[in-house]
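A short worksheet on the structure shown next.
The values are calculated or read from the model by the stated rules, or taken from the named source; none is laboratory data. The structure displayed is predicted, hence computed values, not measured ones. Note that each Cβ is placed from the backbone with ideal geometry, even for glycine, and that neighbours are counted across all protein chains shown.
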Amino acid sequence: MIVNKLKGFREREMKQSARFEDWTQEGLAKRLGVTRQTIISMEKGTYNPSLVLAFKIAHEFGMAIEDIFEYRAEKKMNRSQFVNAVELIVAAVLSLWFSSIAVILASKADHFRK
């Protein structure tokens, strides 16, 4: 998982810069050649930039990429957590299956009653 500090650094620059508008999402997006939505998505963590874009961002802030973007290994499930997850999935599937069977049987019973 990639964690980024883009929003915090951008907001800090907005407060400290004489040219506030250069550090808005729109201003940064224009300088980087991307859309404002791209900046928003990166700040939310729903989009990870390409390596080229990450270098451009780091350059804009005068920082190293790893100061802005951090890789965190995702935690692996232990055996107990995996078994619990599988049990929940199986229970949900069986519940849906039994519900479907009940609906089918009820409709068949209605058919025979008529």
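The table that follows gives values for the structure above.
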item	result
Yes/no for residue 68 being surrounded by 12 or more Cβ atoms within 10 Å (Cβ to Cβ) and touching a residue at least 24 places away in the same chain (Cβ under 8 Å)	yes
Top-ranked residue in the range 9-29 [being among the charged types (D, E, K, R) and surrounded by 15 or more Cβ atoms within 10 Å (Cβ to Cβ); ranked as farthest from the chain's Cα centre (by Cα)]	22
Residue 54 being of a type in the set (Gly, Ala, Ser) and touching a strand residue (DSSP E or B) at 6+ places or on another chain (Cβ under 7 Å)	yes
Residues that are within 33 Å of the chain's Cα centre (by Cα) and of a type in the set (Val, Ile, Thr), drawn from the range 78-109	83, 86, 89, 90, 93
Some residue of the range 76-84 being farther than 20 Å from residue 25 by Cβ, among the basic types (Lys, Arg) and either without any contact (Cβ under 8 Å) to a residue 12 or more places away in the chain or not assigned by TED's automatic domain parsing to the domain that holds residue 24 (or both)	yes
Pairs, first under 16 Å from residue 58 (Cβ atoms) and without any contact (Cβ under 8 Å) to a residue 60 or more places away in the chain in the range 10-30, second outside any helix (DSSP H, G or I) and small (Gly, Ala, Ser), C-beta under 8 Å, six or more apart	23/17
Hits in the range 57-113 (condition: assigned to a helix (DSSP H, G or I) and closer than 30 Å to residue 11 by Cβ)	57, 58, 59, 60, 61, 65, 66, 67, 68
Total residues in the range 48-63, condition exposed (fewer than 11 other Cβ atoms within 10 Å of the Cβ) and hydrophobic (A, V, I, L, M, F, W, C)	2
Enumeration of residues in the range 32-47 that are in a loop (DSSP other than H, G, I, E, B) and surrounded by 14 or more Cβ atoms within 10 Å (Cβ to Cβ)	34, 47
Verdict on residue 40 being closer than 11 Å to residue 6 by Cα and more than 14 Å from the chain's Cα centre (by Cα)	no
